[in-house]
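Take a look at the structure set out below.
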């Protein structure tokens, strides 16, 4: 005895506010799903508006526009159930899923658990949903819930599966990436499926939006916790799957825990509505299992007018390591920031160091090397090696370059400023003069940006941004900061991964040399900072885990070093506040993930 | 028949994380209150930690430190009831008021309504309180609640007054200022007092914290809605008041509405605990009514070691106009940002225009003219008048100044960059070259900042920041931006107010001249922007009221102008994101008050 339901997963890359383009993607996939006689097609959370729309939600016209497009989607829902995320305005505003069928809104599910921590502000915009519903589609019962909802063991998933009898939970999601998130989420989905003896159809957003990257990795998982299909990570994808829902139903007969749990819920005050949907069918014929790997041409995706984000070589391969996963996140996040903000080309300062080298590689992968320009800006303190190593990298990755010396400009500043500088510093390269060099470089990049409409990418890493080892309006200049959430030690790891995968794409001289800002003679980062392997561990404990200095010292670090690092982190908040956005990669990124006061006198040892 | 209770209002200026200094203020006022036999002393919301501590709350060590200081306060609470705001960690974390007496914690009230809109993120940190309590102090019943709580008609105030029988509500608050907030709040307090036949003792925080200014204006209001005492706005203050609580009790006998409301609450599922406090008394003697105006010396405030923020001349006078109110908010916010961040001196670019002139005046009032340096940075496009007018202002307000020409530096950039600039722009001052001038000035200010540890103040107003009529890393350079939430038309209004009050402190030439960035010959702001009186009205409708273009046009504005303004605002989000913080003055400021995506394709007319 089998009872199949044909599911279509549309893992799309929506753009915030781009209703027209989002709708084109949605309608294209609905067309494909209908053509292949699918029963249900599901799109990510807030697929119509893009996620997160932030304060655009407070604009009545934005919500209105979202309804206009919901209407359009409703009008193409004949003979298929469409589950799509949108903003629902009843008396209050909800983050919702519309369940559409035969040109009607069958029902609306309102998200119940609203994340308001980390990067999330959903309580700012939405009311909690209270209504519990399941759907009976030709005698197969399914439930719908949204992202955060499925993270709760006593949430809507349990209610829909155990009290409502749903054998399938469709969770539409916009779950931002951070290191290890993909595997953690999959473990959670496994547990939720097994606990509730239910199939889970998890449809996640993919793409970059300011500080966030959504990894996709939509997953269909059965009641035993087995992965039936896993969509690609970090690119748009889709699949069609004929799911046998009878297995879950049968498994429940034998599961004492399931029955006990149902007793508890039945005796609670919870209740649940069942909505019937009758879909005229069924020309499905034999069971199919389409996906983008083996059926790409069948679905004719390439032939449509709708623009897919280009799939680069890199994406043809599976993710094999943390470094590769992060690199893909960086490429996707950088590309989407550039393209979705209407830029075609970027420019960045290439110093000869590893950070800017990595940003060069990321950019070349993101938008193609022909659209990338590196600017070399040697000073009197730049080593010959820095120039040569930079030129080697430029050749390897085939990007454009420009050389502008900053010596003369620097001298001109000094001669015009010298009467107003402290005479005792006159023969000495102090912080004023170091920063001045960095700021001249910033100005040059911005001049090129203004002249040619190139987006400037900043090249700072998380270690230096944490401790303020960077110049505001200098090397911090840029509209986007690809590696701002990547610690220096991870910059090395990713570079080494790239060199293995792409035959020493980054010249080994760049990897080997001691890090230096080259702003005065014989300067090295480690003159002022602890070695990066020490620094990065302390930073992780302090920033991501909110440990105090005593706890950090208890891990074996020198107390003076720890206090010094904490002090530098605290004092640099004002710089970070004026830094450009970059991609969240760690558990806790700077930006809306970590909201610190600038005016802050808290000192534990004080 | 009278029943007096002696109240002490301690309207202090706490600093986020500065536990030691906050405690010194708190203990000083407790000492004074005890000396004058007060029954109750109340401090603002989160007085121990400062408000808002933002993500510091996620640090266990921060909460721990807050408890250490709560203990210290408890230990000096003999024979007086102390109501003080702190962070309460039970199983969950609460924004709370500790009610202390005789070296014991009598009880803790947890805030019930957590603002999570506008600049607030309280749902990110705190759980909602559920416990309802009132206190019986020698047969006078009072209730305590916190800030937002009192904004709800069916909130804790009603429950405490009507069901609990409290004749006095103590609301401890950290209510940030915006235009008209003071009078709006007072109307709300009036209504709450009258509706519930209750005295309200409203104790508000004063001081600046990053983007926020708390105005103080603590108020004691009786059950008829009469203001018994109103503390000063925009400075630290305190008062002692003998309140007759019997009036409220008697008024309730005659009030049918009050009794009906009590019936409703009695029949609801609400309940409420009464906690008895017996305070050994009473050497109070005859009725007193101390305050900082008539009893300043009696209280010996000047003689203590504890540092008051200096009270400038300006503060000796009452607020007489919106312009004066705003000016005081700007001075307080600027002063607190400078001082609380450890700076003593500031520097800013003085262009000869009205914006930088106003910033000069604000700075001089905030930290004294001897600590302010104006930098004049003429270019080939600067008019002679700009220099002369600037020097006149400098003389009027007695600040320091420096003159650095940018001509040579500019020429040096152009000669080094020219091979890489678009040849067709070579003889033409395009946006690249305009911005370059602004960025050279930014670099000069930053060099002086680095050299002398002066804080740079940016001088941009809200009109230009809204439409992006400003240069990122140029005139936007600065650690703080005093007038970033002041529209250009309001810049004029405030300047005119100052000129009336302080005998043409701002040279009238500066007020009269047409606004110009002076970045190319004969440039005027109105070449690119609509007249400021039009622009500012459109901006207010779009930014503060979230109106769409059709609604704005319906107010009588030209459709092309409106669409152009909206487009400029939307496109400039990336600049604002990298701008420095400034003081929220309007209903909706940029910063955490308006959280917009940079990547945003929403266009209504699209």
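The values are calculated or read from the model by the stated rules, or taken from the named source; none is laboratory data. As the structure is a prediction and not an experimental result, all values here were calculated from the model. With ideal geometry, Cβ positions are generated from the backbone for all residues, glycine too; neighbour counts draw on all protein chains shown.
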*Please note which helices (runs of 4 or more DSSP H) are completely contained in the range A:532-606 and include at least 1 residues that are modelled with pLDDT of 95 or more and farther than 30 Å from residue A:122 by Cα.*
A:532-539, A:549-554, A:559-571
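Being within 36 Å of the chain's Cα centre (by Cα) and modelled with pLDDT of 65 or more is the filter here, so list the residues in the range A:271-302 that pass it.
The answer is A:272, A:273, A:274, A:275, A:277.
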*asked:* Scan the range B:411-421 and tell me whether some residue there is assigned by TED's automatic domain parsing to the domain that holds residue B:346, more than 37 Å from the chain's Cα centre (by Cα) and touching a residue at least 24 places away in the same chain (Cβ under 8 Å).
replied: yes
_The lone exception for residue A:113 - which of (1) under 28 Å from residue B:590 (Cα atoms); (2) within 14 Å of chain B (Cβ to nearest Cβ); (3) touching a helix residue (DSSP H, G or I) at 6+ places or on another chain (Cβ under 6 Å) it fails_ = (1)
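Residue A:510 - would you say it is away from chain B (no Cβ under 14 Å) and assigned to a helix (DSSP H, G or I)?
yes
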*Taking residue A:41 as the residue in question, decide whether it is in contact with a helix residue (DSSP H, G or I) (Cβ under 8 Å, 6 or more places away or on another chain), in a helix (DSSP H, G or I) and closer than 25 Å to residue A:231 by Cα.*
no
*Pick out the one residue from A:411, A:416, A:388 that is crowded, with 19+ Cβ neighbours inside 10 Å and assigned to a helix (DSSP H, G or I).*
A:416
*In the set B:352, B:342, B:360, B:368, which member is touching a helix residue (DSSP H, G or I) at 6+ places or on another chain (Cβ under 8 Å) and on the phi > 0 side of the Ramachandran plot?*
B:352
_Which numbered condition in (1) without any contact (Cβ under 8 Å) to a residue 12 or more places away in the chain; (2) more than 8 Å from chain B (Cβ to nearest Cβ) is the only one that residue A:451 fails?_
(2)
*Just to be sure, is residue A:515 in the same structural domain as residue A:328 (by TED's automatic domain parsing) and either touching a strand residue (DSSP E or B) at 6+ places or on another chain (Cβ under 7 Å) or surrounded by fewer than 17 Cβ atoms within 10 Å (Cβ to Cβ) (or both)?*
no
*When you go through A:183, A:173, A:77, A:96 one by one, which is the residue that is free of Cβ contacts under 8 Å to residues at least 12 places away in the same chain, assigned by TED's automatic domain parsing to the domain that holds residue A:45 and on the phi < 0 side of the Ramachandran plot?*
A:183
*Failed condition for residue A:471, given (1) surrounded by 22 or more Cβ atoms within 10 Å (Cβ to Cβ); (2) within 8 Å of another protein chain (Cβ to nearest Cβ); (3) farther than 22 Å from residue B:598 by Cβ, with all others met?*
(2)
*Given (1) touching a strand residue (DSSP E or B) at 6+ places or on another chain (Cβ under 7 Å); (2) facing chain A (nearest Cβ under 9 Å); (3) under 25 Å from residue B:479 (Cα atoms), index of the condition residue B:443 fails*: (1)
_I'd like to check something: does the range A:99-108 contain any residue that is closer than 30 Å to residue B:126 by Cβ and free of Cβ contacts under 8 Å to residues at least 40 places away in the same chain?_
no
_Of the residues B:221, B:227, only one is within 17 Å of residue B:160 (Cα to Cα) and either at pLDDT below 95 or surrounded by fewer than 24 Cβ atoms within 10 Å (Cβ to Cβ) (or both); which?_
B:221
*Could you check, for the range B:40-47, whether at least one of its residues is under 14 Å from residue A:602 (Cα atoms), modelled with pLDDT of 95 or more and within 14 Å of chain A (Cβ to nearest Cβ)?*
no
*Taking residue B:183, is it modelled with pLDDT under 95 and over 22 Å from residue B:16 (Cβ atoms)?*
yes
*What are the residues in the range A:354-374 that are surrounded by 24 or more Cβ atoms within 10 Å (Cβ to Cβ) and outside any helix (DSSP H, G or I), if any?*
A:372, A:374
